[in-house]
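Student: Here you go, one structure.
The values are calculated or read from the model by the stated rules, or taken from the named source; none is laboratory data. Keep in mind the model is a prediction, meaning the values are calculated, not measured. Positions of Cβ are backbone-derived with ideal geometry, glycine not excepted, and every protein chain shown enters the neighbour counts.
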Amino acid sequence: MGVLSGVKIVEMVGMGPGPFCGMLLADLGADVIAVERPAEDAGGPRPWSICSRGKRSIVLDMKKPGAVDTFLDLIDGADVLIEGNRPGVMERLGIGPDVCLARRPSLVYGRMTGWGQYGPLSKAAAHDANYIALSGALWIATQPGQPPEAPPTILGDIAGGALYLTVGILAGILRARKDGTGQVIDAAMVDGSAHLLNLLVSFLPIEYDLSIANTRPGALGRHFDRTYVCSDGEWIVLQAMEPQFYTELIRRLGLDHDGRFAENQRQNPSVWGPLGEELAALFKTKTRAEWNELLEGTDTCFAPVLSMPEAAVHPHMVARDVYRTVDGVLQATAAPRFSATPSPELTSVPALGAHTTDILSELGHNDDRIESLRRSGALGSP
Ligand SMILES: CC(=O)SCCNC(=O)CCNC(=O)[C@H](O)C(C)(C)COP(=O)(O)OP(=O)(O)OC[C@H]1O[C@@H](n2cnc3c(N)ncnc32)[C@H](O)[C@@H]1OP(=O)(O)O
C-alpha cells in the first residue's frame with residue numbers, strides 16, 4: 001500500500017534527518033528496514049521515536065562477526081541505503097559505497113550529513129544550528145534587536161537535510177530503474193539550507209542590499225509582515241504583503257480612513273516602525289480568539305500562532321486529518337496526499353529489533369546461522 005509500495009530501503013539508523021527521511025519514505029509505503037544498534041551501544045533503551053513508525057526493525061552490531069555479511073545480504077535486495085554517520089564511518093565498517101555498489105550496482109546510496117562528504121569541516125561534529133549558521137540561513141532568521149534564532153531542527157535537519165535527501169533518493173530510483181545506474185547521494189544540510197534561500201534571495205533585490213552588514217530581511221519590521229501579541233498573551237501573525245491584501249487588512253481593522261495606513265505608504269520604510277507600534281497597541285486590546293473571529297479566513301493573510309496541540313484541533317487541520325494520536329503520542333500524518341495510492345495507516349512504532357528474526361529468515365538465513373549471529377553478539381543481547 002502507498003505510492004512507494006515495493007521500494008526496498010535499508011536504513012542504517014543514525015540521528016535526526018536520516019531517520020526522518022526513512023519515516024517519510026515509509027509513510028509513502030516503502031518497505032524500510034531500520035538497522036539499529038543494540039540498546040546497550042545506543043546508550044540504553046531506544047527512546048520512543050515517531051521517526052521509527054512504519055519501519056521494520058532489525059538489530060545488528062556491525063562490529064561483531066557476521067554482521068557485515070548479513071548487512072550486505074540486505075543490500076543485495078535493496079533499492080536504497082540511507083546512512084547519516086560522519087564521513088568515513090561506513091567505509092571503516094566495510095560497507096562504504098565501493099563495497100555496496102559493487103554488490104548492488106543499481107543501489108541509491110543516500111548519505112545524510114551536515115557539512116557534506118568533503119570540505120574542510122566534513123569530519124567535525126555539529127548539529128542543525130551550526131550548519132544553518134554557516135549556510136546563511138540562520139542570519140536570515142533574525143528579528144530586530146533579537147539574537148538569530150530558527151525553530152530547532154526544522155530548517156537544517158529537515159528542510160535542508162532530510163527533504164533534500166528524499167528528493168535525491170526518489171530521483172536516484174528513477175534513474176536506476178531507467179538504466180540500472182546506482183550512485184551516491186551526498187545530501188548536506190549546508191547545501192540544502194543554502195538552496196532554500198533562493199526564493200527569498202530572488203525577492204531581495206527589490207528592497208535589500210545583501211552586501212550591507214546587519215541588513216537582515218527579518219530586521220525590516222514591516223508592520224504588515226510580523227507577529228503581534230494579543231491581550232491574552234497569545235500571538236498572531238500577519239503577512240499582508242500585496243496591495244490588495246494590505247488594503248483589506250487595514251479596512252477590517254477599521255484604519256482605512258487613516259491616511260498614514262494608506263496603501264501608497266506601504267513601501268515607505270520610514271513608517272514601518274511607528275505604524276508597527278500602533279498596530280502592536282491595537283492588537284493588545286483583544287484576545288487572539290477575538291482577532292481570529294475578525295480576520296481568519298479573509299484575504300488579510302492572517303493566522304493565529306498555534307501550539308501543536310492547538311493546531312491538532314483547529315477545524316482546518318481536523319478537516320485535513322493532519323494530526324493523529326498514536327500510542328498516546330501526537331504526531332502529523334503522512335504528507336503529501338496521493339489520489340490513487342493513499343499512504344498506509346499509521347501504526348505503532350516497532351520495538352527495537354522486533355523484526356530481526358523475520359528479516360533474517362527472509363534473507364535465507366537458516367536457524368544455525370541466526371544462532372551463530374546471536375552467539376557472536378551481532379544481534380545484541382538476548
Ligand atoms: C539534532 C541534529 O542536529 S541531528 C544531526 C546531526 N548531524 C548529523 O547527522 C551529521 C552527520 N553525522 C555526524 O556528523 C555524526 O554522526 C555526529 C556528529 C552526529 C555524531 O558523532 P558520533 O557519535 O561520533 O558518531 P559517528 O557518526 O562519528 O560514528 C558512529 C559510530 O557508531 C558506529 N556504529 C553506527 N552504527 C552501528 C551499528 N549498527 N553497529 C555498530 N556500530 C555502529 C560507527 O561504526 C561509528 O563508530 P567508530 O567511530 O568507531 O567508527
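Student: May I ask you to say which residue of Gly18, Gly54, Gly22 is under 21 Å from Leu352 (Cα atoms), at pLDDT 95 or above, near the ligand (Cβ under 8 Å from one of its atoms) and within 19 Å of the chain's Cα centre (by Cα)?
Tutor: The conditions single out Gly18.
Student: I've got another one for you. Taking the stretch 344-378 on its own, how many of its residues are part of a loop (DSSP other than H, G, I, E, B), more than 13 Å from Ala34 (Cα to Cα) and under 33 Å from the mean Cα position of the chain (by Cα)?
Tutor: 7
Student: Let me ask something additional. Out of (1) in contact with a Phe, Trp or Tyr (Cβ under 7 Å, 6 or more places away or on another chain); (2) outside any loop (DSSP other than H, G, I, E, B), the odd one out for Ser122 is which?
Tutor: Unmet for Ser122, out of (1) in contact with a Phe, Trp or Tyr (Cβ under 7 Å, 6 or more places away or on another chain); (2) outside any loop (DSSP other than H, G, I, E, B): (2).
Student: Right, here's the next one. Mind listing whichever residues of the stretch 62-102 are over 21 Å from Ile169 (Cα atoms) and touching a helix residue (DSSP H, G or I) at 6+ places or on another chain (Cβ under 6 Å)?
Tutor: Answer for the stretch 62-102, where residues must be over 21 Å from Ile169 (Cα atoms) and touching a helix residue (DSSP H, G or I) at 6+ places or on another chain (Cβ under 6 Å): Met62, Lys64, Pro65, Gly66, Gly94.
Student: On to the next question. Among the listed residues Gly110, Gly2, Gly6, identify the single one that is more than 17 Å from Ala176 (Cβ to Cβ) and either more than 9 Å from the ligand (Cβ to nearest atom) or in contact with a Cys (Cβ under 9 Å, 6 or more places away or on another chain) (or both).
Tutor: Gly2
Student: If you don't mind, there's one more thing I want to ask. List the strands (runs of 3 or more DSSP E) inside the stretch 236-343, counting only whole elements, that have at least 2 residues being among the basic types (Lys, Arg) and not assigned by TED's automatic domain parsing to the domain that holds Val167.
Tutor: none
Student: Can you tell me which of Asp76, Asp61, Asp69 is surrounded by fewer than 20 Cβ atoms within 10 Å (Cβ to Cβ) and within 15 Å of the ligand (Cβ to nearest atom)?
Tutor: Asp69
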